Amino acid sequence: MIASDSRSARINELKKQRRRSPYLWISAAIVAAGVAWAWLGSGSLMGRLSAERRWTNFLNFTESLVPSPVRKSGDWGDALPWAWDLLTDEGFIALLTTVAIATAAILLSAMAVLPVLSLASRQFSRKNPFGVWSGKEDSGTSFRERIVGPGMRFGFVLSRAIPEYLIAFLLLSLLGLQVWPLVLALAIHNYGILGRLWGEVVENTENGSREQDAAVNALSTGRGRFATYATTIVPSSFNRFLIYFFYRWETCVKDATVLGMLGLLTLGKLIALSKGFFWDRMFFYVLLGSSVILAGDLLSTFVRKRLR
Amino acid sequence: MNVRAAWNGKHRRVILAFAATFLLCAWYVDLKPAGLLPPDATHWERTGRFFAAALHPAFDYEDPNTPVDAIPIWVKAFHGLFLTLKFAFGAMSLAVPAALVMGFLGSSAWWPTPCPRPLKAVLGAVYFVSRFVMSLVRSIHELIWALLILSAMGVSPLAGMIALALPFSGTLGKVFSELIDEEARAAGLALKAIGHRPLQTFLVGIFPAALPNLITYSFYRFECALRSSAVLGFVGIETIGLYIQLSHEEAYYREVWTYLYPLLGMIILVDFWGAGIRRRLNQVEGGCTG
């Protein structure tokens, strides 16, 4: 009995010692209120159509996804020549263009992010990076810590805040119908995302790790911040950078597909053109895009396993 | 140690391969530096007007035929913003429970050890099917899901929420299963040693340990859902994206900025809110998969 009492007293004591964060509780309350409002707030969620009409639409729609030769003959063997024709007509070129746009864009983002990470990093922009005294504390070091670092990080936040589809939509009207608006839209958005993901890798260099020791040694022997970053942190974090790079490439391929809906010959354009009239073709192009993503998924899983 | 010594042969080969790939892609899609500038006087004029409008967002509608009793433009902007938030909240409330179920089925952390061979075959099949479903739903972009679902169900807020929720549940489920599988199993092993069943071990040992990472990742996806929700406006669902599209098509650029600024502000605010949550949960983010 005494043991049980002391145990429950100890449990109560531990409960009292738990970390409590009003910030987290308020955040949870806001999220709960947001979800309740989304479902119970004003307006019907179901739209104007009756349930019966929706069901008929759904049946008609699923029927129209079946390839047209199969609908006529009832033989699924006719689907293969039909799919081959779509692939060789425009599908394959659109697929290659989609992948090329995504690849060029993500490489452009990577080239832009890599050199500026040392300026954006809290670790490198402070007066004493990694705790190493870096010489005279003049207005230059203060400017780097207070203006350049936060400015670069806010640049990352800003560039990832705008959805890529919106950037592409706006740029297309300014630069005309060509590939740059799509590439730039993806590159600008991913500049912010890679800046955050790679930035976390740099910031999270652990105390006592090999990377940190190398950086401290380099700084102690008089090497500059950028040289230290380029010769210690980047090479040692290279594999982690690659993991995030491949993940963003995969996302870029998916995004490049839909950006084509704005008018350039990628899978998105073929999807947009087929919509409403040739649902079977549209569905084929959707599955084509999906198969590239699945292949990319397998590739990035393979690369990650090799790099581990 | 100089740069040459710090970078090994593998690094250099990867960088060279990337450089060659970039040049090849740029050549294939005809990416010339001249394309970075507007092509003619009309586009230059349009570009100038668009960026000049950024300094003078509209406080009233630019369309002279706007009815007198129309709601003020800033009220419309905030209405669009609230609708954007509403879709994001609704979609995430569908995606997170679905992802928890799929993430659980797609992880092996709760399997009994040792696992009898027939049971292992069944669990392996469940694991494979749930992983495949997660990959399939996330391999299709939310905008294309929206096109498909709106065509099948008609335009309705629920259709928009489902369109966002489907790919998000796949992405969240995949990351959930990886986070659960990668979670240190020390607590789980200790609980098993004192006689807990595999499922109990998972529920009181492994899952609570993985929970902070699951929460931070879900919040990151909420930020993504907000952006995607805005874009749903381009397929006809009423979010702030629809207002931006309509104003832009009429070349009312000042109105475009009136809608863009609050959208940007909201997304940046949520970004900082998420950073605060991450910091307080004291976890290093496990990356994000979109």
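Any residue in the range A:275-294 that is more than 8 Å from every other protein chain (Cβ to nearest Cβ), crowded, with 19+ Cβ neighbours inside 10 Å, assigned to a helix (DSSP H, G or I) and hydroxyl-bearing (S, T, Y)?
yes
Check whether at least one residue in the range A:93-106 is surrounded by 14 or more Cβ atoms within 10 Å (Cβ to Cβ) and away from chain B (no Cβ under 11 Å), and report yes or no.
yes
Exactly one condition in (1) under 30 Å from B:E45 (Cα atoms); (2) touching a residue at least 24 places away in the same chain (Cβ under 8 Å); (3) facing chain B (nearest Cβ under 8 Å) is false for A:G263; which is it?
(3)
A:N190 is checked against (1) over 25 Å from B:F272 (Cα atoms); (2) polar (S, T, N, Q); (3) buried (at least 20 other Cβ atoms within 10 Å of the Cβ) and fails just one. What number does that condition carry?
(1)
State all residues of the range A:250-260 that are among the hydrophobic types (A, V, I, L, M, F, W, C) and either touching a Gly at 6+ places or on another chain (Cβ under 7 Å) or free of Cβ contacts under 8 Å to residues at least 12 places away in the same chain (or both); if no residue qualifies, say none. Can you show your working first?
So in the range A:250-260, the residues among the hydrophobic types (A, V, I, L, M, F, W, C) come out as A:252-253, A:256, A:258-259.
Of everything in the range A:250-260, those that are among the hydrophobic types (A, V, I, L, M, F, W, C) and either touching a Gly at 6+ places or on another chain (Cβ under 7 Å) or free of Cβ contacts under 8 Å to residues at least 12 places away in the same chain (or both) turn out to be A:V253, A:V258, A:L259.
Within the bounds of the range B:200-207, is there any residue that is farther than 27 Å from B:V137 by Cβ, buried (at least 20 other Cβ atoms within 10 Å of the Cβ), in contact with a Gly (Cβ under 9 Å, 6 or more places away or on another chain) and within 11 Å of chain A (Cβ to nearest Cβ)?
In the first step, residues of the range B:200-207 are kept if they are farther than 27 Å from B:V137 by Cβ; the result is B:200-201, B:204-205.
After this cut, where a residue has to be buried (at least 20 other Cβ atoms within 10 Å of the Cβ) as well, the list is B:201, B:205.
Retained after the next criterion (residues that are in contact with a Gly (Cβ under 9 Å, 6 or more places away or on another chain)): B:201, B:205.
From what's left, within 11 Å of chain A (Cβ to nearest Cβ): none.
Looking through the range B:200-207, none of the residues is farther than 27 Å from B:V137 by Cβ, buried (at least 20 other Cβ atoms within 10 Å of the Cβ), in contact with a Gly (Cβ under 9 Å, 6 or more places away or on another chain) and within 11 Å of chain A (Cβ to nearest Cβ).
What residue, among those in the range B:43-93 that are closer than 19 Å to B:I240 by Cα and acidic (D, E), is farthest from the other protein chains (Cβ to nearest Cβ)?
Selected residue: B:D60.
Is it the case that the range A:191-206 has a residue that's touching a residue at least 12 places away in the same chain (Cβ under 8 Å) and not in a helix (DSSP H, G or I)?
As a first pass, look at the range A:191-206 and keep what is touching a residue at least 12 places away in the same chain (Cβ under 8 Å): A:191-199, A:201-203, A:205.
Narrowing further to those that are not in a helix (DSSP H, G or I): A:205.
Checking the range A:191-206: at least one residue is touching a residue at least 12 places away in the same chain (Cβ under 8 Å) and not in a helix (DSSP H, G or I).
Is the range B:248-255 home to any residue that is assigned to a loop (DSSP other than H, G, I, E, B), more than 9 Å from every other protein chain (Cβ to nearest Cβ), more than 18 Å from the chain's Cα centre (by Cα) and over 18 Å from A:H189 (Cα atoms)? Write out each step before concluding.
Of all residues in the range B:248-255, those assigned to a loop (DSSP other than H, G, I, E, B) come to B:250-252.
Still in the running and more than 9 Å from every other protein chain (Cβ to nearest Cβ): B:250, B:252.
In the following step, the residues that additionally are more than 18 Å from the chain's Cα centre (by Cα) were identified as B:250, B:252.
Checking the rest, the ones that are also over 18 Å from A:H189 (Cα atoms) come to B:250, B:252.
Yes, the range B:248-255 has at least one match.
Only one of these conditions is not met by A:S68: (1) modelled with pLDDT of 90 or more; (2) more than 12 Å from chain B (Cβ to nearest Cβ); (3) closer than 30 Å to B:I162 by Cα. Which number is it?
Unmet condition: (1).
Got at least one residue in the range A:168-186 being in a helix (DSSP H, G or I), closer than 21 Å to B:R279 by Cα and out of contact with any Leu (no Cβ under 7 Å at 6 or more places or on another chain)?
no
Restricted to the range B:141-186, and to residues that are part of a helix (DSSP H, G or I) and acidic (D, E), which residue is farthest from the other protein chains (Cβ to nearest Cβ)? Working first, answer last.
Taking the range B:141-186 first, the residues part of a helix (DSSP H, G or I) are B:142-153, B:157-182, B:186.
So of that shortlist, the ones also acidic (D, E) come out as B:142, B:178, B:181-182.
Numbers: B:E142: 9, B:E178: 10, B:D181: 13, B:E182: 11 Å.
Restricting to residues being part of a helix (DSSP H, G or I) and acidic (D, E), the top hit is B:D181.
Looking only at helices (runs of 4 or more DSSP H) that fall completely inside the range A:39-136, which ones have 3 or more residues that are within 21 Å of A:C252 (Cα to Cα)?
Correct list: A:92-120.
Condition first: under 24 Å from A:A187 (Cβ atoms), at pLDDT below 90 and surrounded by fewer than 18 Cβ atoms within 10 Å (Cβ to Cβ). Can you find one or more residues in the range A:139-149 that meet it?
The answer is yes; a qualifying residue exists.
The values are calculated or read from the model by the stated rules, or taken from the named source; none is laboratory data. This structure is a prediction, so every number in the text was calculated from the model and none was measured. Quick reminder, even Gly has a Cβ in these numbers, built from the backbone with ideal geometry, and neighbours come from all protein chains shown.
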